[in-house]
Every structure is written in structure tokens, then in C-alpha cells.
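Report on the structure given below.
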Amino acid sequence: MTEREIRKYIDRLNNGKAGESIFTRQISKTVDVAKVWSKQPKMTDKVTGNFGSYRFFFIRNETNEYVGAVLDMYDDLHWYIVPKKRKQGYLTTALKESILPYLFYDERETQRITIEKGAIGETNYINSKSVAIKLGFKATNEAESEFELRQTDFNWDDENFEEINSEIDSERFEQLRKRAFYAYKTLYKISDELLMTVNDDKELKEVADEVKKYTWKIEDLEWENKKTKG
């Protein structure tokens, strides 16, 4: 994913235009974990096995303006800070206080990162390497382009991690229930067609029935959410 694309998501959040492409959850005062959908599902989408959302960590400053992001690629982290907000400690603070703790709590034993001078330039390489070293990452190759940090070597002293539910209203819960019900009816219909044409739906109807249950499970989540907020 390019820096231009990442900047686009940061701008959407700052402009209040995340819509249905970015779903965020606060994990500290300055960091939101997020699921980002680069493309919305469509009926005309080709069947592919590598489809999914991206997991991001979006970084905010003292005025709640989003100033950067970290893309979690599991075997690597791709970070980006808005140019005017660089060298102000936002990235280092976010990584040591909440992003790395979040990843390590998620049973990740080792975090690896790649910092290639040829790809990002001399200045960005030096700055990114400095951030990595401060966090405890160690180079694993002679070119110092690959680094890793083990969970057991991470300094937890600065951890400042606290998850908070995002706002969601009754209208949105109802929309989600209707979508789950639509998914149920779609699977049910596919099952009927398969049964009538090839006499076998590979137990798709059972899957549809399980999906239908989520119309009520989502309603339960709404009730639990209201109860939590008192």
C-alpha cells in the first residue's frame, strides 16, 4: 500500500468521511485500531481467495487530529506520519505505549519490520531506523534493512493501553441486523437453487440458518451496549 493511499485514509478520518470504509476502536488516548476496506463488496466482484480488510493503527495528536498511521502486515509494519507532523515523537510514543503492546497481547511473539533505504530515501531511513532502535528492535541482517523485536525483550514500562467501545446508535444496529438477514436470505436462495439443480447444497442451508441467528445476536449486542452505558 502506498503512502498516498494511507494519507487518503488519514484525511478521510480528519474530514469525518470514513463512511463504511474505516471502522475504528480506541485503544489509547492517541491511537485507534481500525479495519479498513479499500473497496466495498459488490455483486460483480470476482471470486478470489485473498480478499479481506486491512488492519491499521491511526495516530492522533493532542487536539485529536489524525497525524499518522501504522499498517499491520503481520510480518512487517508500514508506518507513515504526515510530513508537517514528523519528528515530534508521535510515532515512537504510539508504538511503545499502545501499538506494540496491542500486537504482543494478540499473541504475537515477535514483530518484524523492514526499513529499506532504497525504497524510502536516506533521510526517512535514518529517521525510521532511529525509531526502531529506540523501541528495542535489532537488525537481523548486515544491510540493516530487516529488524525484529521479541515480546520478551519489549520494555513494558511505558504501556498505556485502554480499549474503549466506539459510538454506535440504534439505527446503525438495525441496519446491521437487516444486512445479516439479507445475507441469510441470499444463502437460503442459493441453497434452494443448488438443491433443485444438482440435488446437493453442501450443507449451505445449515450455514444460512447460522447466519440468521446473528440477526438476534446483533440485537443482544445492542442491548448489552446500552446496559454498559447505563
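Values quoted throughout were computed directly from the atomic coordinates according to the rules given, and no laboratory measurement underlies them. Because the structure is a prediction, the values reported are computed rather than measured. Please note: Cβ atoms are built from the backbone with ideal geometry, for glycine as well, and neighbour counts cover all protein chains shown.
Rounded to the nearest 500, the 222 nm mean residue ellipticity of the chain from helices alone is -13500 deg cm²/dmol, with -39,500 (n - 2.57) taken per DSSP H run of at least 4 residues.
Relative contact order of region 128-192, please, whole-number percent, based on alpha carbon pairs below 8 angstrom and at least 6 residues apart. Working shown, then result.
Details: 22 pairs, mean separation 11.2, N = 65.
Reported as a whole number, the value is 17 percent.
On the basis of the beta-carbon distance and an R0 of 35 Å, PHE51 and ARG86 show a calculated FRET efficiency of 0.55.
Between ASP220 and THR2, the FRET efficiency from the beta-carbon distance, with R0 = 35 Å, is close to 0.30.
Which of LYS96/LYS138; LYS39/LYS217; LYS29/LYS229; LYS42/LYS226 have a Cα-Cα distance over 22 Å? In this structure, LYS39/LYS217; LYS42/LYS226 lie more than 22 Å apart at Cα.
The Stokes-Einstein estimate for region 3-158, based on a Kirkwood radius over Cα pairs and taken at 37 °C with 0.692 mPa s viscosity, is a diffusion coefficient of 199 µm²/s. Separation of region 1-80 and region 170-223, taken as the distance between their Cα centroids, equals 28 angstrom.
Between GLU210 and ASN14, 0.36 nm times their residue separation minus their Cα-Cα distance comes to what?
On the way: separation 196, 0.36 × 196 = 70.56 nm, distance 3.79 nm.
Between GLU210 and ASN14, full extension yields an extra 66.8 nm.
Between 0 and 90 degrees, the angle of helix 122-135 with respect to the longest Cα principal axis of the chain falls at about 80 degrees.
With the simple spin-label model, which puts each label point 7 Å out from Cα in the Cβ direction, the GLU116 to ILE133 separation comes to 2.3 nm.
Put simply, the amide H of GLU116, placed in the peptide plane, has no neighbours under 5 Å, leaving out anything fewer than 5 places away on its chain. Would you mind telling me which residue in GLY16, GLY49, GLY121 has the biggest mean-square fluctuation in a Gaussian network model of the chain, where springs connect alpha carbons within a distance under 10 angstrom? The residue with the greatest mean-square fluctuation here is GLY49. Computed from the C-beta positions of ARG179 and GLU148 and an R0 of 25 Å, the FRET efficiency is 0.05 to the nearest 0.05.
If a spin label sat at a point 7 angstrom from the Cα of PHE23 along the line to its beta carbon, the backbone N atoms of region 164-204 nearer than 17 Å would be those of 164-184.
With bins 5 Å wide beginning at 0, the percent of Cα pairs of region 84-214 falling in each bin runs 2, 9, 13, 12, 10, 7, 7, 7, 10, 11, 8, 4, 1. Go ahead and set up a Gaussian network model of the chain, Cα springs under 10 Å, then flag whichever of ILE27, ILE218, ILE168 fluctuates most. Answer for the Gaussian network model of the chain: ILE218. Taking the chain as a Gaussian network, where each spring joins two C-alpha atoms under 10 Å apart, which residue of THR123, THR110, THR92 fluctuates the most? Maximum fluctuation in the GNM of the chain, among the listed residues, is at THR123. Across the chain, Cα pairs under 8 Å and at least six residues apart give a relative contact order of 15 percent. Helix 170-198 axis versus longest C-alpha principal axis of the chain: approximately 60°, rounded to the nearest ten.
Here LYS46 is the anchor, and the lysines within straight C-alpha reach of less than 24 Å, apart from those fewer than 8 places off in the same chain, are LYS35, LYS185, LYS189, LYS202, LYS205. Rounded to the nearest 20 debye, the dipole magnitude of the chain is 920 debye, with +1 charges on Lys and Arg beta carbons, -1 on Asp and Glu beta carbons, and the Cα centre as origin.
Our summary gives region 33-76 a relative contact order of 35 percent, counting only alpha carbon pairs under 8 angstrom and 6 or more residues apart.
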